[in-house]
Amino acid sequence: MIALAVFRLAAYVRSHRVHQALLLTLAMLAIVYGSRAPKGTEAAVLADGAVLIIPILAWATRSLLDTEPDRQRELSAIMVGGRGKEVGAGLVASLAACAGLAALGLGWAVLLGLSERPGRDVLGAALVLHALAVLAGTALGALTSRAVLRSPAVSIMSLVLGFLVMLLLSASPAYWLTVPLVVWMRTAGSGELLDQLPQLAAISLVWCLAGLALYAWRRRRVG
Amino acid sequence: MRLLQVSFRYRRRQPFILEEADAQLAPGDVIELTGVNGAGKSTLLRLLAGLARPTRGRITDRPGVVGFAPDRFPTSQPFTVTAYLNHMASVRGGAWRPWAERLNMGHLLGLPLGELSKGSAHKVGLAQALMADPGLLILDEPFAGLDADARETLPAIATEVAGRGGIVIASDHQGGLRGLPGLRSWSVVDGRLKEATPAATGHERDPERPRVTVAVTLPADELPLFLTRMRDKGYQAGEIEDAPALPHPAEEPG
């Protein structure tokens, strides 16, 4: 399964599709961290970065999974010994690509986006939020990939709308019905992120895993 | 490997593409699958490969290693032939270079997949299917676009795979495997899988040809199946109640 994940990552890089997500990430980082954030706002700025990178990570996942032609996906499933392993390899490759982009985002933010180095606790919380962003982006991108949604137009609209729905829903009292992105930012701005992180991380993790499970279930049905 | 009352349709309320297919595939079988376009041959091959699940019925005892050569190899991938086959060998294990030599692919190895002709791309598909000594080799229109050398090589490769206990099934409009002894012929007609009755073999048509009787040692529980298969192929096969003891190989002079 790891060899198949390496194959898919190699295809993603060699096809130059990786440049799309990389350029989007760099553009987002240049805008968000164009000027160094003042002291005391480290948590808020890092949480903003974790939220804003999610649609880029979703795009990267969708792009990586769609690099492989449908027929090659079938050959890969036979090669690796079943659909389940092929789906798993695709998710592993996507998580690796997204982790790389998220690491770039977090590293840029810490080194170039802040006036002062954040404390260990804030840095730890930012790391958790970026890890959750990787999961959320992977789940959203996988659910809008060609193997699930055949139409490119429907796929792109679903990706954008999916992220907007996450934002809108998480800004409402029913924020627990999705990955609570707005609550991440709100609590980080008010200094409550560290206190509420376990609860927010648990809710976020549940929805990310539900999204990935839905993708795996759909792939079992549609191939 | 067995197909037990296998039916398949892509969606509910759609008609069945394949209905109540029953078949048994034994190690060493080479099967030619025919049918008009859209009859369901590719669907049957996908079911055999495990890419689709039967809507009804089941497929049991599928060999662990399956090789699948598609009718159209997906060339829109950012690899050279060598890089692609190396990746596939990493995924599956096995060596692809001997097969590349046999299929005369030496001049293709450095080319990007996107620059291959249909026949050359088809060879890449065959090499990836063969590299791990598959127990079930599925070939979808294997002769389409192949050059004369590869067309001559392919039946020999199918025979080799079958000879070491593999099952070979090929969807083939061009009859490229017809000369193989013991070839089973399946056809898909109106969603039904049918096996053609073997044509009369040479010894049936020509009673003057010399005949021999051979002894075969096999597990007792496989005897009914073995006898059925031999009779299906037109041979006179029967159980000998008081068979003479066969000499042990170690006791043979020599």
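Below 8 Å between Cα atoms, with a sequence gap of 6+, how large is the relative contact order for segment B:1-110 in percent?
26
In chain B, if the dipole is taken from +1 on Lys/Arg beta carbons and -1 on Asp/Glu beta carbons about the Cα centre, which of B:T34, B:A215, B:F16 is farthest to the positive end?
B:F16
For chain B, place one equal point scatterer on every Cα, skip the solvent, and apply the Debye formula. What is log10 of I(q)/I(0) at q = 0.08 Å⁻¹?
-0.38
Percent relative contact order of segment B:43-197, based on C-alpha pairs within less than 8 angstrom and at least six residues apart?
Relative contact order comes out at 24 percent.
Loop sites only, by DSSP: take the trypsin sites (Lys or Arg not before Pro) in chain A that have at most 14 other C-beta atoms within 10 Å and name the longest stretch containing none of them.
After excluding every exposed loop site, the longest remaining stretch is A:40-149.
Can you bin every Cα-Cα distance in segment B:21-86 into 10 Å intervals starting at zero and give me the percent of pairs per bin, rounded to whole numbers?
The distribution over segment B:21-86 is 14, 42, 29, 14, 1, given as percents.
Mind telling me which of A:A11, A:A174, A:A210 comes out most flexible in a GNM of chain A, alpha-carbon contacts under 10 Å?
A:A174
Based only on Cα atoms, what Rg/Rh ratio does chain A have, Rh being taken as Kirkwood's radius?
0.99
Which of the peptides B:67-79, A:158-170 is most tightly packed, and how do the rest follow, going by the mean number of other Cβ atoms within 10 Å of each residue?
By packing density, highest mean first, the sequence is B:67-79, A:158-170.
Over segment A:31-122, what relative contact order in percent results from Cα pairs under 8 Å that are six or more residues apart?
Taking the mean separation of contacting Cα pairs over the length of segment A:31-122, I get 55 percent.
How far is helix B:81-92 tilted off the main Cα axis of chain B, in degrees rounded to 10, range 0 to 90?
50
Could you give the dipole magnitude of chain A about its Cα centre, charging the beta-carbon of Lys and Arg +1 and that of Asp and Glu -1, in debye to the nearest 20?
Charge dipole, chain A, about its Cα centre: 760 debye, nearest 20.
Top mean-square fluctuation among B:I138, B:I31, B:I157, Gaussian network model of chain B, C-alpha springs under 10 Å?
It is B:I157.
Which whole number gives the average, over all residues in B:72-78, of C-beta atoms from other chains lying within 10 Å of the residue C-beta?
The mean count of partner-chain Cβ atoms within 10 Å per residue comes to 6.
Please give the net charge around A:M1, taking every other residue with its beta carbon less than 15 angstrom from that of A:M1, where Lys and Arg add +1 and Asp and Glu add -1.
After counting each charged neighbour, the total is +4.
Run through all the Cα pairs of segment B:1-116 and give the fraction in each 10 Å bin from 0, expressed as whole percent.
Percent of Cα pairs in each bin: 11, 33, 28, 23, 5.
Considering every residue in A:75-85, what mean count of other chain Cβ atoms within 10 Å of its Cβ is obtained?
Across A:75-85, the average partner-chain Cβ count within 10 Å equals 6.
Where is the GNM fluctuation largest for chain B (alpha-carbon springs, 10 angstrom cutoff): B:D140, B:D149, B:D172?
Greatest mean-square fluctuation among the candidates belongs to B:D149.
Taking the dipole about the Cα centre of the protein assembly as shown, with the C-beta of Lys and Arg at +1 and of Asp and Glu at -1, give me whichever of B:P112, A:M185, A:H16 is farthest to the positive side.
Of B:P112, A:M185, A:H16, it is A:M185.
What is the Cα radius of gyration of the protein assembly as shown over 2.2 N^0.38 Å, N being its residue count?
1.26
With bins 10 Å wide starting at 0, give me the P(r) of segment A:1-117 over every alpha carbon pair, in whole percents.
Distribution as computed: 14, 39, 24, 16, 6, 1 percent.
Counting only pairs 8 or more residues apart or on different chains, how many lysine pairs in the protein assembly as shown have their Cα atoms under 22 Å apart?
For the protein assembly as shown, the number of qualifying lysine pairs is 4.
Cβ neighbours within 10 Å, averaged per peptide: list B:99-107, B:125-133, A:52-60 in order, most packed at the top.
So the order, starting with the most tightly packed, is A:52-60, B:125-133, B:99-107.
Coordinate-derived values only; no laboratory data. Just so it is clear, the structure is predicted and the values come from calculations on it, not from any experiment. Cβ atoms come from the backbone with ideal geometry, glycine included; neighbour counts cover every protein chain shown.
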